[in-house]
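**Student:** Sharing a structure with you now.
The values are calculated or read from the model by the stated rules, or taken from the named source; none is laboratory data. Predicted, not measured: the structure shown is a model, and the values here were computed from it. Reconstructed Cβ throughout: ideal geometry from the backbone, glycine too, with neighbour counts over all protein chains shown.
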2 protein chains.
Amino acid sequence: MEELKKSFLEHIAEATKSVLSMMAGLDVKKDDVFISNEDKVRGDITGVIGLSNDKVKGSIAISFPEEVGKTIVANMLSISPDEITEEDLKDGIGEITNMVAGDFNNRIGNIFKLSLPSVITGKGHLVSLFNNSAPVLFKFLLEDKPFYLLSTFEEK
Amino acid sequence: MEELKKSFLEHIAEATKSVLSMMAGLDVKKDDVFISNEDKVRGDITGVIGLSNDKVKGSIAISFPEEVGKTIVANMLSISPDEITEEDLKDGIGEITNMVAGDFNNRIGNIFKLSLPSVITGKGHLVSLFNNSAPVLFKFLLEDKPFYLLSTFEEK
């Protein structure tokens, strides 16, 4: 599991960068990805998705400050951030979450089944992992503004 | 899928009632379960878990007002609601979420793989489903106070 995890990290980071580039034309540079072992993070809008197979179960939560979420969705829809509705934001972040998990799963040989994403909105909510021994928190910088991805995988 | 869904609903309600009774000694009565097709709900603390297999993917989010969440976790731990820490609350709701999904899965023959739950805290956050055609919102009354379970399943 430890070896697997190291390759997971790289692939999650690559998937996130690739989806943002492809869907929103936004680039996260290699030097703008930071990894820590924190198990919680605050955000304004968060997409949560589960991944599992016979041996391993996990989750990915991608959490954005409202401004960063709006920038991404505005770019996806080719409109101005001011025009983004609550519904646009929720759908856009749900789609990004789905695609990041799907792209990550592709990169590791589609070993997981994905769940449907849920989206949480609310100024400064806290996202935490449950009962977790090996949390990983990615901090990505997008045009100098941070957003976060919190993930964990556990053998059954 | 429609037939399957109807039996899902019943089993989700039963699993929720059973886990609360077993873990916290709290009873939701049969007449205190309401089902609608809303696709979002507000809460103060929410546990989210994914379920999937080769054909179907879904999610379950259980969302509580702070007071109800604290009552449940206080009963689980046999302490007073005033003594509950943020960490207790988060862990307790994560465990309830995990057990409701697990008990539901048991009742339908363990057809799904479960993901790890995530827990979101933040006064009045909004939980929504992504891109969903068939949302189901359960409203449960626990000692006359409501809490909610938002779920959906979709064929791949």
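**Student:** Between A:Pro146, A:Pro135, A:Pro117, A:Pro65, which is of a type outside the set (S, T, N, Q) and at pLDDT below 95?
**Tutor:** Answer to the selection: A:Pro135.
**Student:** Taking the stretch B:102-128, which residues are assigned to a strand (DSSP E or B) and under 14 Å from the mean Cα position of the chain (by Cα)? Spell out the reasoning first.
**Tutor:** First, the residues of the stretch B:102-128 that are assigned to a strand (DSSP E or B): B:113-114, B:118-128.
B:Leu114, B:Ser118, B:Val119, B:Ile120, B:Val127, B:Ser128 - these are the residues of the stretch B:102-128 that are assigned to a strand (DSSP E or B) and under 14 Å from the mean Cα position of the chain (by Cα).
**Student:** Based on what the data block shows, is A:Gly102 on the phi > 0 side of the Ramachandran plot and in contact with a strand residue (DSSP E or B) (Cβ under 7 Å, 6 or more places away or on another chain)?
**Tutor:** Working: on the phi > 0 side of the Ramachandran plot: no; in contact with a strand residue (DSSP E or B) (Cβ under 7 Å, 6 or more places away or on another chain): yes.
When the stated conditions are applied, A:Gly102 does not pass them.
**Student:** Something else: Just checking, which of B:Ser133, B:Ser115, B:Ser128, B:Ser52 is free of Cβ contacts under 8 Å to residues at least 40 places away in the same chain, closer than 20 Å to A:Val119 by Cα and not hydrophobic (A, V, I, L, M, F, W, C)? Can you show your working first?
**Tutor:** Working: B:Ser115 fails: free of Cβ contacts under 8 Å to residues at least 40 places away in the same chain; B:Ser128 fails: free of Cβ contacts under 8 Å to residues at least 40 places away in the same chain; B:Ser52 fails: free of Cβ contacts under 8 Å to residues at least 40 places away in the same chain.
Step by step, each of B:Ser133, B:Ser115, B:Ser128, B:Ser52 is checked, and only B:Ser133 is free of Cβ contacts under 8 Å to residues at least 40 places away in the same chain, closer than 20 Å to A:Val119 by Cα and not hydrophobic (A, V, I, L, M, F, W, C).
**Student:** Here is a follow-up. Could you grab me the full set of residues in the stretch B:39-65 that are over 20 Å from A:Ile45 (Cα atoms) and more than 9 Å from chain A (Cβ to nearest Cβ)?
**Tutor:** B:Lys55, B:Val56
**Student:** Looking at A:Ile72, is it within 21 Å of B:Val127 (Cα to Cα), within 12 Å of another protein chain (Cβ to nearest Cβ) and modelled with pLDDT of 95 or more? Give the derivation first.
**Tutor:** Working: within 21 Å of B:Val127 (Cα to Cα): yes; within 12 Å of another protein chain (Cβ to nearest Cβ): no; modelled with pLDDT of 95 or more: yes.
Answer is no for this residue.
**Student:** Quick one: which residue in A:Lys70, A:Lys145 is surrounded by fewer than 16 Cβ atoms within 10 Å (Cβ to Cβ) and under 25 Å from A:Asp31 (Cβ atoms)? Give the derivation first.
**Tutor:** On the way: A:Lys70 fails: surrounded by fewer than 16 Cβ atoms within 10 Å (Cβ to Cβ).
Residue meeting the stated conditions: A:Lys145.
**Student:** Considering only the stretch A:75-120, state which residues are more than 14 Å from chain B (Cβ to nearest Cβ) and under 17 Å from A:Leu26 (Cβ atoms).
**Tutor:** Step one: of the stretch A:75-120, the residues more than 14 Å from chain B (Cβ to nearest Cβ) are A:75, A:77-84, A:103, A:106-109.
Across the stretch A:75-120, the qualifying residues are A:Asn75, A:Leu77, A:Ser78, A:Ile79, A:Ser80, A:Pro81, A:Ile84, A:Asp103.
**Student:** Looking at B:Ile79, B:Ile84, B:Ile93, which is the one that is buried (at least 24 other Cβ atoms within 10 Å of the Cβ) and hydrophobic (A, V, I, L, M, F, W, C)? Let's see the steps before the verdict.
**Tutor:** Details: B:Ile79 fails: buried (at least 24 other Cβ atoms within 10 Å of the Cβ); B:Ile84 fails: buried (at least 24 other Cβ atoms within 10 Å of the Cβ).
Answer to the check: B:Ile93.
**Student:** Look at the stretch A:6-16 and say how many of its residues are more than 14 Å from every other protein chain (Cβ to nearest Cβ), touching a residue at least 40 places away in the same chain (Cβ under 8 Å) and either closer than 23 Å to B:His125 by Cβ or of a type outside the set (A, V, I, L, M) (or both). Talk me through it step by step, then tell me what you get.
**Tutor:** The first filter runs over the stretch A:6-16 and keeps only residues more than 14 Å from every other protein chain (Cβ to nearest Cβ), leaving A:6-7, A:9-16.
If we keep only those that are touching a residue at least 40 places away in the same chain (Cβ under 8 Å) too, we end up with A:7, A:9, A:11-16.
Still in the list and also either closer than 23 Å to B:His125 by Cβ or of a type outside the set (A, V, I, L, M) (or both): A:7, A:11, A:14, A:16.
Residues flagged as more than 14 Å from every other protein chain (Cβ to nearest Cβ), touching a residue at least 40 places away in the same chain (Cβ under 8 Å) and either closer than 23 Å to B:His125 by Cβ or of a type outside the set (A, V, I, L, M) (or both) within the stretch A:6-16 amount to 4.
**Student:** Restricting to the stretch A:96-116, count the residues that are among the β-branched types (Val, Ile, Thr) and surrounded by fewer than 20 Cβ atoms within 10 Å (Cβ to Cβ).
**Tutor:** Within the stretch A:96-116, the subset among the β-branched types (Val, Ile, Thr) is A:96-97, A:100, A:108, A:111.
Keeping just the survivors that are surrounded by fewer than 20 Cβ atoms within 10 Å (Cβ to Cβ) gives A:108, A:111.
The number of residues fulfilling the criteria is 2.
**Student:** Would you confirm, using the coordinates I've provided, whether B:Gly43 is in a strand (DSSP E or B), closer than 23 Å to A:Leu114 by Cα and at pLDDT 95 or above? Write out each step before concluding.
**Tutor:** Numbers: in a strand (DSSP E or B): yes; closer than 23 Å to A:Leu114 by Cα: no; at pLDDT 95 or above: yes.
No, not satisfied.
**Student:** Kindly indicate whether any position in the stretch A:8-26 is touching a Phe, Trp or Tyr at 6+ places or on another chain (Cβ under 7 Å), over 13 Å from A:Val100 (Cα atoms) and assigned to a helix (DSSP H, G or I).
**Tutor:** Here is the first cut: in the stretch A:8-26, the ones touching a Phe, Trp or Tyr at 6+ places or on another chain (Cβ under 7 Å) are A:8, A:11-13, A:15-16.
Of the ones still in play, those that are also over 13 Å from A:Val100 (Cα atoms) are none.
No: the stretch A:8-26 contains no residue that is touching a Phe, Trp or Tyr at 6+ places or on another chain (Cβ under 7 Å), over 13 Å from A:Val100 (Cα atoms) and assigned to a helix (DSSP H, G or I).
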